[in-house]
Amino acid sequence: MTRQLETLNEWVQATARKTRPDRIHWCDGSNAEAQALTELMLASGDLIALNPSTHPDCYLHRSDPDDVARVEHLTFICTPQREQVGPNNRWMSPDQAHTKMNALFDGCMQGRTLYVVPYCMGPIDSPLSRCGVEITDSPYVVANMRIMTRMGQIALQRIEREAQFVKGLHSIGELNPERRFILHFPEEGLIQSYGSGYGGNALLGKKCHALRIAAWQGRQQGWLAEHMLIVGIENPQGATHYIAAAFPSACGKTNLSMLIPPPSYCRAGWKVWTVGDDICWMQAGADGRLWAINPEAGFFGVAPGTSRKTNLNALATLSHDTIFTNVGLTSDGQPWWEGLDKGKPAIDWQGRTFDPANGPAAHPNSRFTVRANQCPSWSAHSEDPQGIPISAIVFGGRRANLMPLVFETRDWTHGVLTGASMRSETTAAATGQVGVLRRDPMAMKPFCSYNFGDYFAHWLSFDHPGAKLPKIFHVNWFRKNDQGAFMWPGFGDNLRILEWILGRCEGIAEAQETAIGYLPRMQDLNLDGLSIDRTDLQALLRINPAEWTEELQDVGTYLAGYGEHLPQALELARQQMAAALAAEHP
Ligand code: SAT
Ligand code: MN
């Protein structure tokens, strides 16, 4: 056995001595293994088979009703100094954390199987990819990790070759919210998660590794781990440009990454290629450009709101071989959720006869887990070991007012300031109140494992001589008018904005200069076939100087909270913006 596998084996044996499972199973990722796991979960009731003629090889899993979202208040970063994680994280000292977790994990797998899940985040032969091993007592987690990552023998072979892997230890415990913790030890390359079986709390390759641990490693090694979708836009001339876009959870990343062009664009020959819907790892290439990979191999997407109109590609993707979590059921065993334009619910997500008095049929954060290559718009370049070059970075939040439909920032520093100032309404992806406006820099508030001030400095460090950085933009699909209705149709029509963005990158699209950046005028956008109220559109492309003055003051107060960690360049850029605003609108 190689030294690497010995290290892994010793960790597995030590974990088994602590957790005392009945059995240990090393996952190989084979079809036979997946089949056996499915049968086991069907027998235990962990999975329910869906209608085999409409949804072949699709299953429903119902979580504990108290375990349906990420738990930010129970998520900690454990480093020697509190200062390292900043005011943007919950901190615990590694000693205290280990004592707490050792007590929880003690004997917790008795009567259960301990699964060893080797996985690779990113294309299996990419130098940008990173491996990990998750130990878990949940077959549901194994089944999801098999879809979301390159899992099993192939990952183990890469681990054998490489110097290191991230360790993740997970147990569903008793699924008791009082005994639930999601802990990260970035300096040990270790994740420990106890008491939840849900998504981002339990599939440790995803948010815990590919964002929190990776963000930490990226800072040390000079790359970026971001909460971004990656989409390729092919123009009628056949050239494809890639955009990376950060939006908070449940703000439409999956929909934007699988966008179907409006009819006039389809006729003209535009195509959209999906590379990723949630996470993006980026690194400067020898040519100075930023090159990106999607570390994931699947989608863990929000089901409610997914329909033929909003995301036909997603519907096609999840018509077979999909695990649904916490959706409702029709009387003939098809999955159902609010917004689906077909069928009606008979059973709700908790398995009760559907009664609107009990709330929605599907939980608002119900999900589908599905292999990415089932998506009709899946990009053939998703597996390119060198990644794909990024032309534009887009930041966007869910904001009912203030933020225009789109603007281009002046330069990298202004772009980083814009990302750092992001605000968005909270969603059902995390526990807590929904619809509360909060600062969510780069959509990384729940995922940046170190001081945001240092993170902004890390972003700024990419701007050096020889760098050919993407332009940075901000968008807002969620503006509402006085009647409370969304002003922009969104979905496929967002391609109109992406076309302008790429046009700016190529130097062929026009804009007007304002104090906050470059905005398109109505004539700068392709509005062919678009039905929208022109007054709404005008309002979407205008800025309100009084509101912006107030916003910039608020941004100043917010950023000052990072104290000495805040790069001075960001505060200077903010002051320049405020001065430009005052000069333009005295
Ligand atoms: O539950 S996950 O964290 O995996 C999904 C999300 O909130 O983005
Ligand atoms: Mn996400």
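Computed quantities for the displayed model
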{"read-out": "Spacing of the two label points (7 Å from each Cα toward its C-beta) at Ala268 and Asn176, in nm", "value": "6.1"}
{"read-out": "Accessible area of Arg308 in the full protein assembly, 1.4 Å probe (Å², nearest 10)", "value": "130"}
{"read-out": "CD proxy at 222 nm, helix term only [per DSSP H run n ≥ 4: -39500 (n - 2.57); per residue of the chain; nearest 500]", "value": "-8500 deg cm²/dmol"}
{"read-out": "Relative contact order (%) - the chain, alpha-carbon pairs under 8 angstrom, separation at least six", "value": "14"}
{"read-out": "Under-5 Å amide H pairs with Ala284, H placed in peptide plane, nonlocal only", "value": "Trp291"}
{"read-out": "Estimated distance in nm for a label pair at Gln96 and Gln568, the labels positioned 7 Å out from Cα along Cα-to-Cβ", "value": "3.5"}
{"read-out": "Acute angle (nearest 10 degrees) that the helix 568-584 long axis makes with the longest principal axis of the chain, alpha-carbon atoms", "value": "40"}
{"read-out": "Contour minus Cα-Cα distance for Ile124 and Asp384 (0.36 nm per residue)", "value": "92.6 nm"}
{"read-out": "Distance between region 79-117 and region 145-206 - C-alpha centres, whole angstrom", "value": "12"}
{"read-out": "Interchain or long-range residues, amide H under 5 Å from Trp378's placed H", "value": "Thr274"}
{"read-out": "Anisotropy class of region 374-527 from Cα gyration tensor, a/c 1.5 cut", "value": "rounded"}
{"read-out": "Percentage of interatomic Cα-Cα distances in the chain larger than 42 Å", "value": "19"}
{"read-out": "Shape call, region 155-292: gyration tensor on alpha carbons, a/c limit 1.5", "value": "oblate"}
{"read-out": "R0 of 35 Å, Cβ-Cβ distance Met1-Ala32: FRET efficiency to nearest 0.05", "value": "0.90"}
{"read-out": "Karplus (6.51, -1.76, 1.60) ³J(HN,Hα), θ = phi - 60°, over region 428-440, in Hz, Gly and Pro reported as x", "value": "6, 5, 10, 5, x, 5, 9, x, 8, 6, 9, 5, 9"}
{"read-out": "Degrees, to the nearest 10: 545-560 long Cα axis against longest axis of the chain", "value": "40"}
{"read-out": "Accessible-area order (highest first, 1.4 angstrom probe) of the listed residues His585, His170", "value": "His585, His170"}
{"read-out": "Antiparallel bridge percentage (DSSP; both residues within the chain; nearest 5)", "value": "65"}
{"read-out": "Area accessible to solvent at Asp22, 1.4 Å probe radius, in Å²", "value": "100"}
{"read-out": "Two-site label geometry, Asn401 and Ser319: point separation in nm, points 7 Å out along Cα→Cβ", "value": "4.5"}
{"read-out": "Degrees between helix 308-317 axis and first principal axis of the chain (Cα, 0 to 90, nearest 10)", "value": "40"}
{"read-out": "Distance cut-off 13 Å, percentage of C-alpha pairs in region 299-374 lying past it", "value": "62"}
{"read-out": "All lysines inside 18 Å of Lys207 as judged from Cα atoms, apart from same-chain residues fewer than 8 positions distant", "value": "Lys167, Lys253, Lys445"}
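The values are calculated or read from the model by the stated rules, or taken from the named source; none is laboratory data. Given the structure is predicted, the values throughout are model-derived calculations rather than measurements. All Cβ positions, glycine included, derive from the backbone under ideal geometry; neighbour counts span all protein chains shown. Heads up: the accessible areas ignore ligands, DNA and RNA and are worked out on the full protein's heavy atoms, side chains in. Shrake-Rupley method; radii C 1.70, N 1.55, O 1.52, S 1.80 Å.
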